[in-house]
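Read through the structure below, which is laid out as structure tokens, and then see the notes.
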Amino acid sequence: MKKQIRILLKSLASAFVIAVIISMVPFQAVCQEVQNDVFRLHILANSDSDTDQALKLKVRDEILKYTQQMYKNASSKSEAIRLTDENLQALADRAKGVVRDEGFDYCVTAQIADTFFDTRTYGNVTMPSGEYPALRIIIGEGKGHNWWCVMYPSLCVGASADYQALKKCTDDREYNLLTGEKRIYKFKIVEYYEKIKDFLT
């Protein structure tokens with residue numbers, strides 16, 4: 001009798017796992033579409049000291065100020081990436097200018113790279129985890145806590161994010177996933193899946 005109960009419980013557990021996986025397929029597909037529409041910003045501080053962390057935020061402010069004008073007429077992620085690539089040296093120079101003005105002599109590099117991001121919430125928008133193309137600004141050794149946001153569409157200002165820009169560059173399914181009722185457990189499952197995929201590749 002106990003053996004039959006164990007078999008039954010295992011069967012029910014297996015059925016539950018399969019049901020969860022099947023229910024996650026459409027959700028994961030929309031998360032993947034979001035990754036295809038979004039360009040992100042990743043700034044790495046020299047260290048975790050208070051001064052280096054404060055410097056990171058000043059560099060962030062300068063980069064966002066510069067790219068706000070740069071992306072003003074961008075109508076797609078690919079166009080935002082093209083504009084960024086064409087202005088990489090200018091972006092690096094802007095960041096270096098802030099570093100020098102604050103009295104530091106750290107080197108600064110700017111690059112576009114595919115980068116893994118955990119699930120992150122900006123105001124009322126939850127961005128699924130995964131690998132996204134990103135502008136990476138590395139200050140000095142780049143060993144401090146980093147800062148990230150969404151460059152295109154512009155969600156770098158938290159609760160004041162440009163939701164009209166978000167709606168403009170996503171379809172209804174993507175927009176509802178990002179701004180609708182939060183399904184934290186689903187985002188977490190996607191995050192674990194993406195981390196395993198990132199590790200294996």
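Hey, any hits in region 88-96 for a residue that's closer than 24 Å to residue 48 by Cα and either surrounded by fewer than 19 Cβ atoms within 10 Å (Cβ to Cβ) or among the acidic types (Asp, Glu) (or both)? Checked region 88-96: at least one residue is closer than 24 Å to residue 48 by Cα and either surrounded by fewer than 19 Cβ atoms within 10 Å (Cβ to Cβ) or among the acidic types (Asp, Glu) (or both).
All but one of (1) without any contact (Cβ under 8 Å) to a residue 40 or more places away in the chain; (2) under 18 Å from residue 37 (Cα atoms); (3) not in a helix (DSSP H, G or I) hold for residue 83; which doesn't? It is condition (3) that residue 83 fails. Just a yes or no: is a residue in region 139-146 out of contact with any strand residue (DSSP E or B) (no Cβ under 6 Å at 6 or more places or on another chain), of a type in the set (Asp, Glu) and either more than 21 Å from residue 89 (Cα to Cα) or modelled with pLDDT under 75 (or both)? Scanning region 139-146 turns up no residue that is out of contact with any strand residue (DSSP E or B) (no Cβ under 6 Å at 6 or more places or on another chain), of a type in the set (Asp, Glu) and either more than 21 Å from residue 89 (Cα to Cα) or modelled with pLDDT under 75 (or both). Only residues that are farther than 18 Å from residue 61 by Cβ and buried (at least 16 other Cβ atoms within 10 Å of the Cβ) were counted across region 117-133, and they come to 11. One residue stands out among those in region 13-52 that are at pLDDT 90 or above and open to solvent by 40 Å² or more (accessible area, probe 1.4 Å): the one that is nearest to residue 118 (Cα to Cα), which is 48.
Residues in region 147-156 that are in contact with a strand residue (DSSP E or B) (Cβ under 6 Å, 6 or more places away or on another chain) and closer than 18 Å to residue 57 by Cβ: 147, 148, 149, 150, 151, 155, 156. Taken over region 116-136, the criterion of being over 8 Å from the mean Cα position of the chain (by Cα), of a type in the set (S, T, N, Q) and either part of a loop (DSSP other than H, G, I, E, B) or at pLDDT 80 or above (or both) is satisfied by 124 alone.
The values are calculated or read from the model by the stated rules, or taken from the named source; none is laboratory data. This structure is a prediction, so every number in the text was calculated from the model and none was measured. Ideal geometry is used to build each Cβ from the backbone, glycine not excepted, and the neighbour counts take in all protein chains shown. The protein model used for the area step is the full one, side chains on, heavy atoms only, and it has no ligands, DNA or RNA in it. Shrake-Rupley method; radii C 1.70, N 1.55, O 1.52, S 1.80 Å.
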